[in-house]
Amino acid sequence: MADQKKVEAITAIDVDFTQWYTDVVLKAELIDYFSVKGCMILRPYGYAIWENIQKGLDGMFKATGHENVAMPLFIPESLLQKEKDHVAGFAPEVAWVTQGGSETLTERLCVRPTSETLFCDHYSRVIQSWRDLPKLYNQWVSVVRWEKTTRPFLRTTEFYWQEGHTAHATAEEAKLETRRMLDVYADFFRDFLAIPVVKGLKTENEKFAGAVDTYTIEAMMHDGKALQSATSHYFGDGFARAFDIQYSDRNNQQQYVHQTSWGLSTRSIGAIIMVHGDDSGLVLPPRVAPVQVVIIPIAAHKPGVLEKAQQIQSQLGASFRVKLDSSDKMPGWKFSEYEMKGVPLRLELGPRDLQQNQCVAVRRDNGEKIVLSLDNLTADVQSLLDQVHDGLYRKAQNSLDSRIRSAVGMADFADLIQNKPGFVKAMWCGDGACEQKIKDETGATARCIPFEQETIADTCVCCGRPAQKMVIWGKAY
RNA sequence: CGAGGUGUAGCGCAGUUGGCUAGCGCGCCUGCUUUGGGAGCAGGAUGUCGGGGGUUCAAGUCCCUUCACCUCGACCA
């Protein structure tokens, strides 16, 4: 009976993963659809996750010396067009404003799809001396990319993100920054989202428009597909030359700056959903969960129950994000509801517990029930939340490790991609033609050239010529 | 952008060859009783039938048009 109802609420995860995803984002009240294609309304519960992501990441940015700024929403067409690779990459998905009030604009304005050009324009004016460097800026904004196929969080027309943009005196310093921020993202995924990632370099075909190098963290979803979860770009002095960003060095010589940019978006919420979720719905990693602990009173009308629950809420509230649900819904209804919404830890408190000075804790990640004494509750809850985080990470790590397989020839490769959800490690000659052929024949793309290289074979999986690099391949969102 | 599908109450749906005041379940509101895995009884509220146009004595139903969403593909740096 209970199972029946659950099945009605959320499609089973392994029956139809796509439908499961749609059910979860709606039923967990993360978003509401909007009347403009690809635009989503972030509801309080969904936005709270984003706020916690912002809080965690922003702290890491500040700790590495970055400052927040806010750039304009509009980019004049002439500004966008200064760097030709960049504009060519983004032109197909740019939204344009051509009218202001009742007047046609003399120059149309692009709604920012990313802000490299805005930062560059600004940097060209505020950087004069080596003393002005480095500039370590970041902004938390939304951007617009006119997408043809959209899905909540994974690919939306407008999405929220942060974009860091830095300018440095030397190429070496900029390269270090690029890698440093990639590490920040990977650490954030591990320590806050409990998601393991593969770090690596994007191929020429896959890199960002205008970048010299693009680094990425790739995560594996429940269905074995890859999600590009954050990227960090090294620009060399390409943008600096296009926008004339020069400084006087210590010898009074004019030099171009070397730049980076790096971003992480609301897509990361899609990663949380698709890595940790299960048949009961969302499973949230404790450190970004809007509600870390939900207290469910049992028989709340019985003397002392509600009072004790409130007391516990107040006590735990000093250390955690706690919700007490004292509504008159049935306890079973509440259990299902907060499981669907992914709350990491549930505390049940009923008359029987009161007598024994205890409560019952239930972990969302594995369903384990633990009886806790009320005497040491704060420490025990902290410990359990940490255990949930670790449990989620370990499970995701196992899932990732067990689904990365090796292929030496195209037949193996195609068979793995088609029949075994996950990533495939294979050697590559470095030729974009092989990369394209692999994509055409198997649907898999080069996710990245991982930092941790192995030699699986001496020859390219596609053409048989000498191999240059081991590449991680996979189908991607 | 191509193929297919779907739009009727907050959600899920029914609505016959066009015919009277557009229904059902869940949810929602009020009251009482309940409470350790989605409670029970009683009473109650809620509709631009996605939008626009047309045919007709009469349109949720037929025609044209338009918009959105979903699935698959193409595209997507």
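The values are calculated or read from the model by the stated rules, or taken from the named source; none is laboratory data. Please read these numbers as outputs of a predicted model, since none were measured by experiment. Cβ: placed from backbone, ideal geometry, glycine included. Neighbour counts: every protein chain shown. SASA here: full protein model, heavy atoms, side chains in, ligands and nucleic acids out. Shrake-Rupley method; radii C 1.70, N 1.55, O 1.52, S 1.80 Å.
General observations
- In chain A, helices alone account for a calculated mean residue ellipticity at 222 nm of -11000 deg cm²/dmol, with every DSSP H run of four or more residues adding -39,500 (n - 2.57).
- Converting phi to 3J(HN,Hα) with the Karplus coefficients 6.51, -1.76 and 1.60 and the offset θ = phi - 60°, the range A:459-464 yields 10, 4, 4, 9, 10, x Hz in sequence order, with x at every glycine or proline.
- For A:Ser232, net neighbour charge (Lys/Arg +1, Asp/Glu -1) across residues whose Cβ lies under 12 Å away: +2
- Rounded tilt (10° steps) of A:171-191 against the dominant C-alpha axis of chain A: 20
- Equivalent ellipsoid semi-axes - Cα gyration tensor, the range A:269-314, angstrom: 31, 13, 5
- Taken about its Cα centre, the range A:404-474 carries a charge dipole of roughly 120 debye when the Cβ of each Lys and Arg holds +1 and the Cβ of each Asp and Glu holds -1.
- Global geometry of the range A:147-188, whether rounded, prolate or oblate, following the gyration tensor of its Cα atoms and the 1.5 cut on a/c: prolate
- Protection proxy ranking, peptides A:269-275, A:82-88, average beta carbon neighbours within 10 Å, highest first: A:269-275, A:82-88
- Estimated D of the range A:282-375 in µm² per second, where Rh is the Kirkwood radius over Cα pairs and Stokes-Einstein applies at 10 °C, 1.306 mPa s: 121
- The residues neighbouring A:Leu176, those whose beta-carbon lies less than 14 Å from its own, together hold a net charge of -2 under the Lys/Arg +1, Asp/Glu -1 convention.
- Cα-based Rg and Dmax for the range A:219-338, where Dmax is the largest Cα-Cα distance (Å): 25.5, 81
- Across q = 0.07 Å⁻¹, chain A modelled as identical point scatterers on its alpha-carbon atoms has Debye log10 I(q)/I(0) values of -0.44, in the order of the q list.
- Leading residue at positive end of dipole, chain A (Cβ point charges), from A:Gly263, A:Leu30, A:His86: A:Leu30
- Rotationally averaged projected area of the range A:2-276 (alpha carbon convex hull; nm²): 16.4
- Based on C-alpha pairs under 8 angstrom that are at least 6 apart in sequence, chain A has a relative contact order of 13 percent.
- Scoring A:91-104, A:415-428, A:233-246 by mean Cβ neighbours within 10 Å over their residues and listing the highest first yields A:233-246, A:415-428, A:91-104.
- Cα gyration tensor, the range A:25-112 - rounded (a/c under 1.5), prolate or oblate: oblate
- Surface accessible to a 1.4 Å probe, per residue, for the residues of chain A, Å²: 44
- Of all DSSP-defined beta bridges confined to chain A, some 85% are antiparallel rather than parallel.
- Spacing of the modelled spin labels on A:Lys395 and A:Glu29, each 7 Å from Cα toward Cβ, amounts to 2.4 nm.
- Computed magnitude of the charge dipole of the range A:271-384 (debye, nearest 20; Cβ of K, R +1, Cβ of D, E -1): 160
- The C-alpha atoms of chain A define a longest principal axis, and helix A:44-63 lies at about 60 degrees to it.
- For the range A:352-368, the Karplus equation 6.51 cos²θ - 1.76 cosθ + 1.60, evaluated at θ = phi - 60°, returns couplings of 5, 5, 4, 4, 9, 6, 9, 9, 10, 9, 10, 7, 6, 6, 10, x, 5 Hz by residue, with Gly and Pro reported as x.
- Net charge dipole, the range A:410-449: roughly 180 debye, given to the nearest 20, about the Cα centre with Cβ charges of +1 for Lys and Arg and -1 for Asp and Glu.
- Contact order relative to length of the range A:48-188, as percent, for alpha carbon pairs under 8 angstrom and 6 or more apart: 24
- Leading residue at positive end of dipole, chain A (Cβ point charges), from A:Ala95, A:Val294, A:Ser383: A:Val294
- Nearest 10 degrees, 0 to 90: helix A:432-442 Cα axis against chain A principal axis: 40
- Net charge contributed by nearby residues that have their C-beta within less than 12 Å of A:Cys460 (K/R +1, D/E -1): 0
- Charge dipole (the range A:322-470, unit charges on Cβ, about Cα centre) - positive-most of A:Phe423, A:Phe451, A:Leu372: A:Phe423
- Percent accessible area from carbon and sulfur atoms, the range A:2-276, protein chains only, probe 1.4 Å: 48
- Relative contact order computed over the range A:2-276 (Cα-Cα under 8 Å; 6+ residues apart), in percent: 18
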